[in-house]
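This report concerns only the one structure given below.
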Amino acid sequence: MALCADGERGMVIGSHGEIGWLCFPRWDSPAVLSGLLGGQSHYSIAPLGRCTWGGTYVERSLAWEGRWVLTDSEVTCRDALVAPGDDDRLVLLRRVTGVSGRTRLAVTLDLRAGFDRQPSRDLRRGRDGTWSGRCGPHWWTWQSGATRTATVPAGRGEALHGTFTVEAGQCIDFVLVLATTESRASPVDPNGAWSDTLAWWTDRMRLEVPVRHARRDARHARAVLTGLTSRHGGMVAAATTSLPERADRGRDYDYRFAWIRDQCFAGQAAASAGDAALLDNAVRFVAERILADGPDLCPAYAVDGGRVPPETTLPLPGYPGGKAIAGNRVTAQHQLDAFGEALSLLAAADEVAGLDEELWNAVEVAATAIAAQWEQPDAGIWELEPAQWTHSKLMCVAGLRAIAQRPRAGGRAGEYAKLADTILARTAATSTHPSGRWQRAEDDDRVDAALLFAVIRGALPPDDPRSQRTLRAVLDDLTDDGYVYRFRHDGRPLNEAEGAFVLCGFAMSLAQLRHDDPVAAMAWFERSRTACGPPGLLTEEYDVRERQPRGNLPQAFVHALLLEAAHALSTAVPDNCPDAATS
């Protein structure tokens, strides 16, 4: 599956030319195309007859170009959402181009608002051939290049279906405009829309980040993070909901919201790679939430800063192996590490461009919250039952130390450093395993791959014995076939409890670099970046045995750590390293 996005929403495209997922007007709104979760609504363009499918992204963009090869012809379909997106209107572009021979294709448009509950109605065709209609509270127009298009029954509403032929060298455009008001649903010029969209992506991606290794993947990761980031600054954790992490488990979540931690990961990656726009968005969003909510900071928000709705069940069959849900129960949690991650982000931003007075106010609010809450249980990075999670406390140590080192901290630097020392001393007393490594929590002696971040973010130096023993324990107990798992759930083999956690693979690469082993770092990086589907999108988990990505896509914080690791490797690994992949 491929993704196109405009910052305000995204669409998922399958191998048969079907757009099976699109929410409107924003990421967390009800879907108008929900075939991905078993709904009837879809928007498909595909050849009639046997064919093979492939495709690639247009360079430096999230415009997808699918390709079908038939027995005696070849055809492409370029898809994009016009960017940057508007809050109240989307423009969906599809351009079919004949490459060779003569190809017959079919097109179907079946829009249903409210997660399939409100089919299109009032369909009519204008004199210029443009179709218009309504679905739920939305208006739409569709400019169709098909010569034979007609309405067909679609449940309680109507859909459009047609066939057309494309010759070699011929282009046929399809333009869908969906809006919250009738006046905003007016047709657009496809040539101008394509030109403006590709120009926006070119401008947004014009700065080449200093990455030598995995340059193409690093560039693609930047495009993914850009496409997932709203003009409000919020970046969704993923574009989808309810794609199960295990085919035979009930672990289904809605990730169409902006997690503070994920935003900090993206900002840290942007700071290291020199992407000022991504960094500015992350800093602005995180600081605004801290200043607004202070010690009551939520783990996640809507991309405009609004609250995440509670979890509800959707009237859809769901993806095979899962159930369809909307909303997330994360807002009922307290996640201490978010404050530490925020301080690390703000320290990195201050090093790049300096923080203004308002952002330094956010620093003080976050540090004050840590001082008041660090002894309390929290849900931790993996959003589990409240406990004294070691990772959460070490991330606060890292953030406090990072901000204390900034010259602007002034007289507060000593206060921040002292608090960091206090937290570290108490954590060491309660959460050091008898073997000398860190353990997950005061009452949980297992090892956890999240503890690798203590070295990555600078809570501890790599030569600290606890750091070295924790790295060794993760390698010995939480890895399989070159992939890294979060923690052991029970006595079962790792792969039977859940998939490998792709984020942890890139964390292992960064940790190995901090431990001065660039060859191992490169090996873990290269293995982890193979855990993707054909369009190069990474999910949260990877089934090592079945070689399949699992969970919602694309997972933003995984792409963020890929970008950060690619930049770190480019800095640390010599050009003549035999494992230095440059493609």
Of (1) in contact with a Cys (Cβ under 8 Å, 6 or more places away or on another chain); (2) among the basic types (Lys, Arg); (3) buried (at least 18 other Cβ atoms within 10 Å of the Cβ), ARG134 fails just (1)
Given the conditions (1) over 21 Å from the mean Cα position of the chain (by Cα); (2) aliphatic (A, V, I, L, M); (3) open to solvent by less than 40 Å² (accessible area, probe 1.4 Å); (4) farther than 22 Å from GLY410 by Cβ, every one holds for ILE325 apart from (1)
Q.
When you scan segment 517-525, do you find a residue that is open to solvent by 10 Å² or more (accessible area, probe 1.4 Å), out of contact with any Leu (no Cβ under 6 Å at 6 or more places or on another chain), within 30 Å of TRP64 (Cβ to Cβ) and free of Cβ contacts under 8 Å to residues at least 60 places away in the same chain, even just one?
A. yes
Using the structure shown, decide if SER29 is under 20 Å from the mean Cα position of the chain (by Cα) and without any contact (Cβ under 8 Å) to a residue 60 or more places away in the chain.
-> yes
Among helices (runs of 4 or more DSSP H) entirely within segment 182-275, at least 2 residues that are buried (at least 24 other Cβ atoms within 10 Å of the Cβ) and under 19 Å from the mean Cα position of the chain (by Cα) occur in 215-227, 260-273
Pairs returned, first residue in segment 349-362 that is assigned to a helix (DSSP H, G or I), second residue that is of a type in the set (D, E, K, R), beta-carbon separation under 7 angstrom, 6 or more apart or interchain, are ASP350/ARG406; ASP350/ARG408; TRP360/ARG408
Subset of segment 15-34, residues open to solvent by less than 20 Å² (accessible area, probe 1.4 Å), touching a His at 6+ places or on another chain (Cβ under 9 Å) and outside any strand (DSSP E or B), comes to PHE24, SER34
Is it the case that some residue within segment 123-143 is closer than 20 Å to GLU18 by Cα and either in contact with an Asp or Glu (Cβ under 8 Å, 6 or more places away or on another chain) or free of Cβ contacts under 8 Å to residues at least 12 places away in the same chain (or both)? yes
Taking segment 466-501 and keeping residues touching a Gly at 6+ places or on another chain (Cβ under 9 Å) and loosely packed, with under 14 Cβ neighbours inside 10 Å leaves none
So, first residue of a type in the set (Lys, Arg) in segment 381-405, second residue part of a loop (DSSP other than H, G, I, E, B) and open to solvent by 10 Å² or more (accessible area, probe 1.4 Å), Cβ within less than 7 Å, six or more apart or across chains; the pairs are LYS393/TRP374; ARG401/GLY458
What about ALA413, is it without any contact (Cβ under 8 Å) to a residue 12 or more places away in the chain and crowded, with 16+ Cβ neighbours inside 10 Å? yes
Among (1) in a helix (DSSP H, G or I); (2) in contact with a Lys or Arg (Cβ under 7 Å, 6 or more places away or on another chain), VAL286 falls short only on (2)
VAL69 meets each of (1) within 22 Å of the chain's Cα centre (by Cα); (2) more than 21 Å from LEU537 (Cα to Cα) with one exception, condition (1)
Within segment 289-319, restricting to residues that are assigned to a loop (DSSP other than H, G, I, E, B) and among the small types (Gly, Ala, Ser), the one that is nearest to GLY114 (Cα to Cα) is GLY318
Of GLY101, GLY126, GLY145, GLY114, the only residue that is among the small types (Gly, Ala, Ser) and under 16 Å from HIS42 (Cβ atoms) is GLY114
Cβ pairs under 6 Å, 6+ apart or interchain, first in segment 320-331 and within 21 Å of ASP116 (Cβ to Cβ) and outside any loop (DSSP other than H, G, I, E, B), second open to solvent by 20 Å² or more (accessible area, probe 1.4 Å) and acidic (Asp, Glu), ordered by first then second residue, are ILE325/GLU311
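The values are calculated or read from the model by the stated rules, or taken from the named source; none is laboratory data. Fair warning: this is a prediction, and the values are worked out from it, not measured in the lab. We place every Cβ from the backbone using ideal geometry, glycine too, and count neighbours over all the protein chains shown. When the accessible area is computed, the model is the full protein with side chains, heavy atoms only, and any ligands, DNA or RNA have been set aside. Shrake-Rupley method; radii C 1.70, N 1.55, O 1.52, S 1.80 Å.
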